[in-house]
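The block underneath contains the structure these notes are about, expressed in structure tokens.
The values are calculated or read from the model by the stated rules, or taken from the named source; none is laboratory data. Given the structure is predicted, the values throughout are model-derived calculations rather than measurements. No Cβ is skipped: glycine too gets one built from the backbone with ideal geometry, and neighbour counts run over all protein chains shown.
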Amino acid sequence: MVTCVSMLRAHRRLLIVRGIGLLIASLAVVLLVPAPSPAVGEDLRTLLRELAIQVPSREVSAPSLSLPDTNGAAVRLADYKGRAVMIYFWTTY
């Protein structure tokens, strides 16, 4: 018999896992987006400041990561260098 307490615990674990996944995905996007060049307009800088997005002062490489796709072939994060990538880690219990 499933109790209300066990359901709440399972829901809390799911929220924590999703939160961690979102944090990792955000970190990967921030690390993969190249720093704006000095030619970037003030509008973009203002937008980034309003969104509280910190742009690195120098290019930072993302950590190496390789995961299988739906066909089992390895997909490397390095294959997407220079492009924005969102990684969403999803799981069920």
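Worth pointing out:
- Scoring Ala35 on the criteria (1) outside any helix (DSSP H, G or I); (2) modelled with pLDDT under 75; (3) surrounded by fewer than 10 Cβ atoms within 10 Å (Cβ to Cβ) leaves a single failure, condition (3).
- Subset of segment 55-89 (residues that are modelled with pLDDT under 80, over 10 Å from Leu32 (Cα atoms) and surrounded by 11 or more Cβ atoms within 10 Å (Cβ to Cβ)): Val55, Pro56, Ile87, Phe89
- Matching option when the condition is farther than 20 Å from Ile87 by Cα, touching a Phe, Trp or Tyr at 6+ places or on another chain (Cβ under 9 Å) and at pLDDT 70 or above, among Ala52, Ala25, Ala10: Ala10
- Scanning segment 49-91 for residues that are over 15 Å from the mean Cα position of the chain (by Cα) and in contact (Cβ under 8 Å) with a residue 60 or more places away in the chain gives a single hit, Thr91.
- Pick from segment 38-49, criterion exposed (fewer than 10 other Cβ atoms within 10 Å of the Cβ) and charged (D, E, K, R), ranking: modelled with the lowest pLDDT: Glu42
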